[in-house]
Number of protein chains: 2
Amino acid sequence: MQNLDNIFFALSDPTRRDVLERIRNGPMPAGKIAEGLPVTRPAVSQHLRILKDAELIQERREGTKRIYGLNPLGLEALKEFFDDYWSVAMTRFKDFVETEEP
Amino acid sequence: MQNLDNIFFALSDPTRRDVLERIRNGPMPAGKIAEGLPVTRPAVSQHLRILKDAELIQERREGTKRIYGLNPLGLEALKEFFDDYWSVAMTRFKDFVETEEP
DNA sequence: TCAATATATTAGTGTATACTTACGTTAGTG
DNA sequence: CACTAACGTAAGTATACACTAATATATTGA
């Protein structure tokens, strides 16, 4: 399982979230991903690596192309973070609000 | 509503996630939050500010103390990110895996 | 009002990050 | 084999970040 450090770090960058946005409707080669983005292609390559390390995307080779698509593994880790963590938050929040009133 | 930049950035730091961990079972004054952490109290103050800007925590004053507790607003934004975004990811993932096999 | 408590803010610093340009690598094509 | 296409990698740089030490602010009590 991926650690949350990498996942949240990967998601903290807007350009990387743009990358995810571009491939959310289906896999895409690296060049095409870079087309829509305001940074150079090498920069996108570096972002892709970070996203891949976080297991948020997957790589598949096809000739000279590299097709990138979403990887649900990192997502699963995030989901666990929610289920295991924030379920408590919601219930505890009430106490906080209630004691805040006079 | 909060933007995801601030939220993911806030969550990308392990110390800040430690802060959240410490207050997830109930609000706590800043000093007590800092006790368990390996950084100085001013550093914790700075982290608290970032978490507060991201609307992940709330502040309430009580005398000279400042009590911090979880704030579900940032969390709601994150939840939307999931529901609105990753529901697509899961279904699209199948296509990717299937085309990967020979 | 003076001092103590609890905390935030500022200034300064080493390190990490995101970017660009230049170069290297791998797979197909004549 | 040379050439092109589609990438990744390396080196260098400006900026952002997290941290500490010192200072400032606000609240309470003697």
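Residue-by-condition table, conditions (1) more than 20 Å from residue B:6 (Cβ to Cβ); (2) charged (D, E, K, R); (3) more than 10 Å from DNA strand C (Cβ to nearest atom):
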residue: B:32; (1), (2), (3): yes, yes, no
residue: B:42; (1), (2), (3): yes, no, no
residue: B:49; (1), (2), (3): no, yes, no
residue: B:52; (1), (2), (3): no, yes, no
residue: B:56; (1), (2), (3): no, no, yes
residue: B:61; (1), (2), (3): yes, yes, no
residue: B:70; (1), (2), (3): no, no, yes
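Whether a residue is outside any strand (DSSP E or B), near DNA strand D (Cβ under 9 Å from one of its atoms) and surrounded by 17 or more Cβ atoms within 10 Å (Cβ to Cβ) was assessed, and residue A:78 does not pass this test. Checking each residue in the stretch B:1-48 for being modelled with pLDDT of 95 or more, under 26 Å from residue A:14 (Cα atoms) and polar (S, T, N, Q) picks out B:15, B:45, B:46. Regarding residue A:51, is this residue under 11 Å from the mean Cα position of the chain (by Cα) and modelled with pLDDT under 95? Judged against the criteria, residue A:51 is not a match.
The number of residues in the stretch A:19-32 that are of a type outside the set (Val, Ile, Thr) and under 10 Å from the mean Cα position of the chain (by Cα) comes to 2. If you take the residues of the stretch B:61-74 that are hydrophobic (A, V, I, L, M, F, W, C) and under 21 Å from residue B:44 (Cβ atoms), which of them is farthest from the chain's Cα centre (by Cα)? Taking the candidates together, the pick is B:67.
Where residues in the stretch B:17-67 are exposed (fewer than 13 other Cβ atoms within 10 Å of the Cβ) and part of a loop (DSSP other than H, G, I, E, B), which of them is nearest to the other protein chains (Cβ to nearest Cβ)? Applying the filter and picking the extreme gives B:25.
The values are calculated or read from the model by the stated rules, or taken from the named source; none is laboratory data. Every value quoted in this text rests on a predicted model; they were computed, and no experiment measured them. As a convention, Cβ positions derive from the backbone with ideal geometry for all residues, glycine included, and neighbour counts pool all protein chains shown.
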